[in-house]
Amino acid sequence: MKKEFLYQGKAKRIFQTEEEDEVLVEFKDDATAFDGRKKGFIENKGYFNCSISSLLFKHLEEKGVNTHFLEQVGPNSMLARKLDIIPLEVVMRNIVAGSLKRRLGQPEGFPLSQPVLELYYKNDEFGDPMINDYHIRVMEWATGEELDRMKELAFRINFELTARFRILGIDLVDLKLEFGRFKGNILLADEISPDTCRFWKQDTGERLDKDRFRQDLGDVSQAYENILKLLKGESN
Ligand code: UDP
């Protein structure tokens, strides 16, 4: 199915398939944090993140959100539509954590009265700086219309995933989304996983996401596995 290696990021490798507008996305076990300054390896992360992303993309498709996802074709690989990626990270927040805690001086765990959307320019060299609509339009990273569409989708995705995780006893604290263009539409791209979301267990507050790696909390791989098991309905 793989034809030609296209490129790789920190967590995934992308291959062209025989279909012109389809790619194979291979998820790696490599882990990085703090703009790549911390490097490591999380056992079976590729399998967990590919499977979690596949289940969540399927869920969103069922809720009417169009994504790049086509099919999980191996433990750590999925077929996806080949998009023209927009170089933005759209972050949605429901509870204060991470950089918002540092920026606003609010305590970690403070519930936001409504979801907060933030925009970042996806560029490692510049440390993914926070930007706003004006930067995006003036740099022509997206049109005003595309930006409006991405914002509308980001709120819908956050709403659907918050509801999905709430019934599993998990708070979706925040998440990062990426989008791309495909045949005139904007589709959700990249992945939705413990690498790109913060998941807190409602009863114990236990972190089931990449913060375990960032903060050396231990049991990193087990946390990712836990999220997958919950989504598959297999968990304790
Ligand atoms: N995030 C991500 N990629 C990035 C930056 C952030 O997936 O390059 C995710 C992160 O895992 C969290 C959310 O976006 O779920 C918000 O991250 P934050 O701005 O708090 O930054 P952090 O504290 O993770 O550096």
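The values are calculated or read from the model by the stated rules, or taken from the named source; none is laboratory data. These figures come from a predicted structure and were not determined experimentally. Using ideal geometry, Cβ is built from the backbone for each residue, glycine included, and neighbour counts are taken over all protein chains shown.
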Practice task
Considering only segment 152-186, state which residues are loosely packed, with under 15 Cβ neighbours inside 10 Å and hydroxyl-bearing (S, T, Y).
Solution key: none
Exercise for the section: Would you tally the residues in segment 45-61 being touching a helix residue (DSSP H, G or I) at 6+ places or on another chain (Cβ under 9 Å) and farther than 15 Å from N185 by Cβ? Expected result: 9
Practice task
Answer yes if at least one residue in segment 213-222 is within 13 Å of the ligand (Cβ to nearest atom) and under 11 Å from the mean Cα position of the chain (by Cα), and no otherwise.
Solution key: no
Exercise for the section: Please list, ordered by first then second residue, the pairs with beta carbon atoms under 6 Å, 6 or more apart or interchain, first in segment 27-44 and among the small types (G, A, S) and exposed (fewer than 13 other Cβ atoms within 10 Å of the Cβ), second assigned to a loop (DSSP other than H, G, I, E, B) and modelled with pLDDT of 95 or more. Expected result: none
Problem - Identity of the residue in segment 195-211, of a type outside the set (A, V, I, L, M, F, W, C) and more than 8 Å from the ligand (Cβ to nearest atom), that ends up surrounded by the most Cβ atoms within 10 Å (Cβ to Cβ) - result: R207
Handout entry: Scan of segment 214-224 for residues that are touching a residue at least 12 places away in the same chain (Cβ under 8 Å) and in contact with an Asp or Glu (Cβ under 9 Å, 6 or more places away or on another chain), ordered by number
Key = V220, S221, A223, Y224
Exercise for the section: Keeping to segment 94-113, report how many residues are in contact with a Gly (Cβ under 9 Å, 6 or more places away or on another chain) and assigned to a loop (DSSP other than H, G, I, E, B). Expected result: 4
